[in-house]
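Structure first, commentary second.
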Amino acid sequence: MRHRLSLVPALLIAGAIQSVAFAAPPPADGPGSDPATPRLALPQAIGLALQRQPRLEAASARADAAREQAAAAGRLPDPQLVAGFGNLSVDDPNPYRDDAERMAMTSLGLQQAFPDAEKRRQQRQQAEAEVRIRQARVELERLQTARDAGMAWADVWEAERAQHLLTTLVDAFDTQLRSREIDLRSNLGQQARVHDAEVKQALARDRLHQWQQRERSARARLQRWIGEPAAGATPDTAPELAPAPDPDAADRQLEQHPLLTVSQRQAERATAELALARADYRPDWRVQLSYGYRQPYDDLLSLQFGVDLPLFTRNRQDRRLSAAALNQQAAEADTADHRRALLEALHSAYADWQVTSQRIVDYDRTLLPAAQARSEAALRSYRAGVGAFDAVLTARQDLLDLELLRLNLGAERIRARLQIRYLLSGE
């Protein structure tokens, strides 16, 4: 038989009824937030990440450096200045005495190397492929930055909203615990019921602390992308998300992803390296023009030619050619693997987006309204004197648990949409 409540706990419970059973979650003010301060929305966080990201500056600088290097690739090497003494007498090596040896002379000349034209062309091809790789990496960094900053924002948003829901639950169990303690002191309750309330209160606080820890961790990740603005509070409601593109069109659009572009450009660079290794069998040429001064005889003009003799290729050219061929195979395999990985990630993201969206509809249409109605029915029974306050708390706890699950679904839907946007090159 249910015991009747004493006057004091009944008054205590009545004062908490509105905040426990009917009140909406408290305002979603984050750490150090001001109601007059604009909330940090998802598009704003992504925009700040793209503006203040050192990784993007580094990627752009590397692309500029590659363009500078490409301008110098395949050029003729600098000429060399050649100077010296030739045909000096061992007995009297002074070439400037009047009766010096006729062949003794001082020479000054220029030497120019002429690497094979095909080698220089492939060097230019290789450098240009590197420029295209760096350019694609800049776009890849932009997409990854936008996605990762958005993911961090979603984690912060979910953690803030979860804490507001759990704060309400903690307050409810605080009220229950105080009520049972009063009942125990009034000889209307049992010690076991007090301990039961203590356990429920401690578990609710532990859940709150877990979400506080998750928020701090999420804000640290968000700060890595946007800096100080990461300390701001996020909006109370989920952001409006554009519908995802048609999955069939998405598969085709995936081919434009910068990761595939990078991989394809790396394969082009490997092809240029292979052609360069083949051209390494072709000899390079050199020419030298020098002027010889002889005292007191006539001066001399000399013109010499030189050519490489690639006769022993086993441990040089052959090895480089074999390595270049293997690198080309690896680059082509990497491209195929990246395509499969992106396709798998895209299909997984679409599955998350579609299933999560449907579950949200189910929660909003059926689960949450039913749980809200049950909570209100328990409250009406309690007010009518035919129900217990514990039943009100249980119904409210179940409602809050469903709201937390609905919150998680909203955050997962945001993450899935961010992943789709990343995989489709920002759409």
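I'd like to check something: does segment 261-271 contain any residue that is assigned to a loop (DSSP other than H, G, I, E, B) and either in contact with a Lys or Arg (Cβ under 8 Å, 6 or more places away or on another chain) or farther than 26 Å from residue 113 by Cβ (or both)?
no
Just need a number here: residues in segment 196-216 that are in contact (Cβ under 8 Å) with a residue 24 or more places away in the chain and not charged (D, E, K, R).
Quick first cut of segment 196-216, residues in contact (Cβ under 8 Å) with a residue 24 or more places away in the chain only: 197, 200-201, 204-205, 207-208, 211-212, 214-215.
Imposing the further condition that a residue be not charged (D, E, K, R) reduces the set to 197, 201, 204, 208, 211-212.
Selection size over segment 196-216: 6.
Considering every residue within segment 118-132, establish whether at least one is at pLDDT below 90, surrounded by 12 or more Cβ atoms within 10 Å (Cβ to Cβ) and hydrophobic (A, V, I, L, M, F, W, C).
no
Yes/no matrix, rows are residues, columns are (1) part of a loop (DSSP other than H, G, I, E, B); (2) outside the structural domain of residue 294 (by TED's automatic domain parsing); (3) in contact (Cβ under 8 Å) with a residue 60 or more places away in the chain; (4) loosely packed, with under 15 Cβ neighbours inside 10 Å:
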| site | (1), (2), (3), (4) |
| --- | --- |
| 40 | yes, yes, yes, no |
| 43 | no, yes, yes, yes |
| 48 | no, yes, yes, no |
| 59 | no, yes, yes, no |
| 62 | no, yes, yes, no |
| 66 | no, yes, yes, no |
| 69 | no, yes, yes, yes |
| 81 | no, no, no, yes |
| 84 | no, no, no, yes |
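Considering only residues that are closer than 30 Å to residue 126 by Cα and in contact with an Asp or Glu (Cβ under 6 Å, 6 or more places away or on another chain), which ones fall in segment 277-319?
The answer is 279, 282, 283, 284, 308, 317.
Please verify whether segment 176-197 includes one or more residues that are surrounded by 16 or more Cβ atoms within 10 Å (Cβ to Cβ), within 30 Å of residue 412 (Cα to Cα) and in the same structural domain as residue 345 (by TED's automatic domain parsing).
Scanning segment 176-197, I find no residue that is surrounded by 16 or more Cβ atoms within 10 Å (Cβ to Cβ), within 30 Å of residue 412 (Cα to Cα) and in the same structural domain as residue 345 (by TED's automatic domain parsing), so the answer is no.
Determine the pairs where a residue that is assigned by TED's automatic domain parsing to the domain that holds residue 412, located within segment 238-249, has a partner that is at pLDDT 90 or above and among the aromatic types (Phe, Trp, Tyr) with Cβ atoms under 6 Å apart, the partner being 6 or more residues away or on another chain.
244/353; 247/350
Can you tell me how many residues in segment 214-238 are of a type outside the set (Lys, Arg), assigned to a helix (DSSP H, G or I) and under 13 Å from residue 411 (Cβ atoms)?
2
Please determine whether any residue of segment 375-385 is among the hydrophobic types (A, V, I, L, M, F, W, C) and surrounded by 18 or more Cβ atoms within 10 Å (Cβ to Cβ).
yes
The values are calculated or read from the model by the stated rules, or taken from the named source; none is laboratory data. In this text, all values refer to a predicted model and were calculated from it rather than measured experimentally. In this analysis, Cβ positions are derived from the backbone assuming ideal geometry, glycine residues included, and neighbour counts consider all displayed protein chains.
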